[in-house]
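Attaching a single structure in structure tokens format; questions to follow.
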Amino acid sequence: LDHLAREFQRHDWSTRWLIRELVLSRVYQLGDEVSAAQREGDPNNVWLSRHTPRRLEAEELRDTLLAAGEGLSWEAGGPGFPASLEADYGFASDSPRRSLFLPVFRNAVPDLFEAFDGADPSSVTGVRGVSTVAPQALALLNHPLVVGETRRLARGVAGRFTTDTSRIEMLYRALLGRSATARETNLGTTWLQQTDAEGREQALADLAQALVATLEFRYVR
């Protein structure tokens, strides 16, 4: 910390430099997979020998869903709600922009944010709570945003790839950031082959939604 403080001052108090310095460091880029010897030597990760898995916050979860379905808009700036809006009661934004640009209304908190411990705009929140409750799983199975984006992703994958193996691989890469294992590929192929050509896209969407409902999707590893 002393080193960062000195360098921060030397670089004219540039927060951009500081963020770049942190995210390009070796420690920041570590994964959570380490050898048995490393885990034994640093069981509580005091010396930052590995990355501690972190759950996505509500806004990150929404943006990740939109990005996976290629529906995320990178437009920046400007108002986040229509100028004609007179009251926030019942307001629901359908904007595809990043959550950073969504309006924050006390009486119209997005239900997906409420389910995943989003900050309450009616009070000061220094540290968000982190809960694991049944409504979160139900949201990932039924929320219109999840259903819509997984269908969009499945439609794009079905249109660009011709084999079930390649389609399954792209679903895993888009949603979990890794390749599918041999067992996962076999399970996915078995699932897809239970449907005819007309139902293949919906089967892909169901598979994508099953991946979204996993813990792996919700955690940065």
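Can you compute the helix-only [θ] at 222 nm over the chain? Use -39500 (n - 2.57) per DSSP H run of at least 4 residues, normalise by all residues, nearest 500 deg cm²/dmol.
Calculated mean residue ellipticity at 222 nm is -14000 deg cm²/dmol.
May I pose another question? Using only alpha carbon pairs under 8 Å that are at least six residues apart, calculate the relative contact order of segment 126-212 and give it in whole percent.
It comes to 37 percent, rounded to a whole number.
Given a Förster distance of 45 Å, report the FRET efficiency between Ser84 and Ser49 from their Cβ-Cβ distance, rounded to the nearest 0.05.
For R0 = 45 Å, the calculated efficiency reads 0.25.
What part of the accessible area of the chain, given as a whole %, is carbon or sulfur when the probe is 1.4 angstrom?
The C+S portion of the solvent-accessible surface of the chain is 55 percent.
If you don't mind, another one. Over segment 75-138, what is the mean sequence separation of C-alpha contacts under 8 Å (at least six apart), divided by residue count, expressed as relative contact order in percent?
Over segment 75-138, the number comes to 26 percent.
What is the calculated FRET efficiency for Gln202 to Thr162, with r their C-beta to C-beta distance and R₀ = 25 Å, to the nearest 0.05?
The value I calculate is 0.90.
Okay, next question. Relative contact order of the chain: what whole-number percent is it, with Cα pairs under 8 angstrom and at least 6 residues apart?
Once divided by the residue count of the chain, the mean separation gives 19 percent.
Using a Förster radius of 35 Å, what is the FRET efficiency between Leu187 and Leu24 based on their Cβ-Cβ separation? Nearest 0.05, please.
With a Förster radius of 35 Å, E is 0.40.
With a 1.4 Å probe and every protein chain left in place, work out the accessible area per residue of segment 35-160 in Å², rounded to a whole number.
Each residue of segment 35-160 exposes 62 Å² on average to a 1.4 Å probe.
For segment 1-66, rounded, prolate or oblate, judged on the Cα gyration tensor with a ≥ b ≥ c (square roots of eigenvalues), a/c < 1.5 rounded, else prolate if a/b > b/c?
oblate
Multiplying the sequence separation of Glu216 and Gln9 by 0.36 nm and subtracting their Cα-Cα distance, what value in nm do you get?
Between Glu216 and Gln9, full extension yields 70.6 nm more.
About the Cα centre of segment 162-221, how large is the charge dipole given +1 on each Lys and Arg Cβ and -1 on each Asp and Glu Cβ? Please answer in debye to the nearest 20.
380
How big is the charge dipole of segment 79-167 about its Cα centre, in debye rounded to the nearest 20, if each Lys and Arg gets +1 on its Cβ and each Asp and Glu gets -1 on its Cβ?
500
The values are calculated or read from the model by the stated rules, or taken from the named source; none is laboratory data. Everything quoted here is computed from the prediction, not taken from an experiment. With ideal geometry, Cβ positions are generated from the backbone for all residues, glycine too; neighbour counts draw on all protein chains shown. Accessible surface is based on the protein model in full, side chains and every heavy atom, while ligands, DNA and RNA are left aside. Shrake-Rupley method; radii C 1.70, N 1.55, O 1.52, S 1.80 Å.
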